[in-house]
1. Using helices alone, I'd like the mean residue ellipticity at 222 nm for the chain: each DSSP H run of four-plus residues gives -39500 (n - 2.57), total over residue count, nearest 500.
2. How are the C-alpha pair distances of the chain spread across 5 Å bins, as whole percents from the shortest bin up?
Amino acid sequence: MARTWLSVRVELVSGRGVDLWPRPGRVFAASRSHTFAQFADAIDAAFARWDLAHMHMFTLADQTQITPLELWDGEAPEGSVDSDRTRLSRLGGGEQFVKPRV
């Protein structure tokens, strides 16, 4: 069976209270079988985050929030799903989503 790869462009929009222009970006090749947690780790590594320790949350076009539920200590946003179990296959073609800094 042929593996389908996603091409995902990630751009940094702002940081430290400053809007970035031009926006630094990276293009990732990812399998639909990768989890959002694995994708978050790849983003951190690609943008050379020195601590690799901040929590992540992705918000999909349908407003579903994907985050590591175990780190919320029972206080995760209502309706959010676990990034350690949710795969990138959840994304539709051309769908835009955000990963705000949490």
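Since every read-out is calculated from the coordinates, none of them should be taken as a lab result. What you see is a predicted model; the values in this text were computed from it and never measured.
1. The helix contribution divided over the chain gives -3500 deg cm²/dmol.
2. Cα pair-distance distribution for the chain, in percent: 2, 11, 22, 25, 20, 13, 5, 1, 0, 0.
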